[in-house]
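**Q** Provided herewith is a single structure, encoded as structure tokens, for subsequent inquiry.
Any read-out appearing in this document is the output of simple, stated calculations on the displayed coordinates, not a laboratory observation. Note that the structure is a prediction, hence the values are computed from the model and not measured. Note: ideal-geometry Cβ built from the backbone for every residue, glycine included; neighbour counts use all protein chains shown.
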Amino acid sequence: MAFKMSVQDYKGKINEVEVGKGEKAFKLGGTGTMAFYDFDGDTGNAPKVGIEILDIAPEEWIPSLQELYKDVAVNPVEWAKYVEKEFNPDFICLRFLGADPNGLDKSPEACGEIAKAVVEAITVPLVIAGTGNHDKDAKVFEKVAASVEGHNCLILAATEENYKAVGAAAGLAYGQKVGAESSVDINLAKQLNVLLGQLGVKYEDVIMHIGCSSVGYGFEYLISTIDRIRLAALGQNDKTLQMPIITPVSFETWNVKESIAEVEDAPEWGDREERGIGMEISTAASIMAVGADAVIVRHPKSLETIKSFVEALA
């Protein structure tokens, strides 16, 4: 008897969400099965890989990255243009650390001007991340969303604390995509999506950021959460969870001890830069294998490796 492979047939499908404008715009999602399971059905759009830049000089980054960007890091526009030309990411993530109230505390208006200059200087889609301070981010994202109107950016992210302000500005007033950020919990992710929907933001304009951790740091809980979200979205046809997922890997992996410990303090761990790259690649590949539709990395070597990983599997 000829072998007949068993196929898992799902009821649901992940929404397709387009980010960016022009020839390099891309769609996330569209899958009707688990990540890379092409033997079960349509895997939709291939995952995308973006690279992180800041609105200020990266003084906390490792020396090799500071050296790489020394001629452009004082100007976000030049930095973005350099990254696009030299490394060819699928998108660029502009992170507004300079707006942090505990740092330079840049005004929302200044952030809006920077975002506008950056998005007009590049051809790849732009993802815009904030400070992590929910109150300040709400004010920053309102100005930023207005300044990049017409460019279909992803604003990362609306949280339970500020979703009304961010959702109204980005998703309703200025036609951007909204990142819905929760804390590694399927119920919290679902609740935030429902709240954005009740606000009037279309589910087709939402991309989930359900949290992130580095491999070895409660990572199995993150993986199981994404598994549960995808199984509910596909198997139970739960439309409140059928959004693509983006994971800002670099925000976490370059802060753990394996990445930041000096060689003098842990000589047995080897070169600091290689350790950081290894943590970033391991985390990004693992999170993609379980369902992330896009990841954000920091090191160009990580970008190159993960793009090759996607090309080999997608």
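**Q** Which distance in Å, rounded to a whole number, links the C-alpha centroids of region 230-287 and region 187-222?
**A** Each part reduced to its Cα centre gives a spacing of 17 Å.
**Q** Step through the residues of region 87-103 one at a time and calculate ³J(HN,Hα) from phi using the Karplus curve (6.51 cos²θ - 1.76 cosθ + 1.60, θ = phi - 60°), rounding each to whole Hz and writing x for Gly and Pro.
**A** 10, 6, x, 6, 7, 10, 10, 8, 10, 8, 6, x, 8, 4, x, 8, x
**Q** In region 17-313, what % of DSSP beta bridges are antiparallel (nearest 5)?
**A** On the way: 3 of 29 bridges.
Roughly 10 percent of the DSSP beta bridges within region 17-313 come out antiparallel.
**Q** Same structure again: Whole-Å semi-axes of the chain's equivalent ellipsoid, largest first, each the root of 5 times a Cα gyration tensor eigenvalue? Don't jump to the answer; show the numbers that get you there.
**A** On the way: eigenvalues 170, 126, 65 Å².
Semi-axes, largest first: 29, 25, 18 Å.
**Q** Can you tell me the FRET efficiency between residue 86 and residue 269 if r is taken as the Cβ-Cβ distance and R0 is 25 Å, rounded to the nearest 0.05?
**A** On the way: r = 29 Å, r/R0 = 1.15.
The value I calculate is 0.30.
**Q** Once you mark the GluC sites (Glu not before Pro) that are in a DSSP loop and have at most 10 other Cβ atoms within 10 Å, what is the longest gap between them in the chain?
**A** On the way: sites that count: 23, 59, 262, 264.
Looking at the chain, 60-261 is the longest stretch - no exposed GluC sites (Glu not before Pro) with at most 10 other Cβ atoms within 10 Å.
**Q** Same structure, new question: Tell me, in nm to one decimal, what length is gained between residue 121 and residue 64 on full extension, where the rule is 0.36 nm per residue of separation less the Cα-Cα distance?
**A** Numbers: separation 57, 0.36 × 57 = 20.52 nm, distance 2.55 nm.
Taking 0.36 nm per residue and subtracting the Cα distance, the gain is 18.0 nm.
**Q** Separate question: Taking the Cβ of each residue in 7, 206 as the centre, tally the other Cβ atoms inside 10 Å and list the residues starting with the fewest. Could the numbers behind the result be given before it?
**A** Working: 7 10, 206 25.
With the sparsest Cβ surroundings first, the list reads 7, 206.
**Q** Let me ask another. Suppose a student asked you for the relative contact order of region 43-195, using Cα pairs under 8 Å spaced at least 6 residues apart; what percent would you report? Walk me through the intermediate numbers first.
**A** Working: 266 pairs, mean separation 26.9, N = 153.
Relative contact order, region 43-195: 18 percent.
**Q** Work out from phi, with θ = phi - 60° and the Karplus expression 6.51 cos²θ - 1.76 cosθ + 1.60, the ³J(HN,Hα) of each residue of region 164-176, listed in order in whole Hz, and give x for Gly and Pro.
**A** 5, 5, 5, x, 5, 6, 6, x, 10, 6, 10, x, 9
**Q** Based on C-alpha coordinates, I'd like the Rg and Dmax of region 115-273, in Å.
**A** Here Rg and the maximum Cα pair distance are 17.4, 54 Å.
**Q** Using each residue's phi in region 37-48, evaluate 6.51 cos²θ - 1.76 cosθ + 1.60 at θ = phi - 60° and report the 3J(HN,Hα) Karplus result to the nearest Hz, with x for Gly and Pro.
**A** These are the phi-based 3J(HN,Hα) values: 7, 5, 7, 9, x, 6, 8, x, 7, 5, x, 10 Hz.
**Q** Over all distinct alpha-carbon pairs, what is the Kirkwood Rh of region 67-123 in angstrom? Spell out each step's value before the answer.
**A** Working: mean 1/r = 0.0826 Å⁻¹.
It is 12.1 Å.
**Q** Also, I was wondering about something else. Placing one identical point scatterer on every Cα of region 1-142 and ignoring solvent, what is log10 I(q)/I(0) from the Debye formula at q = 0.14, 0.17, 0.22 Å⁻¹?
**A** -0.76, -0.97, -1.28
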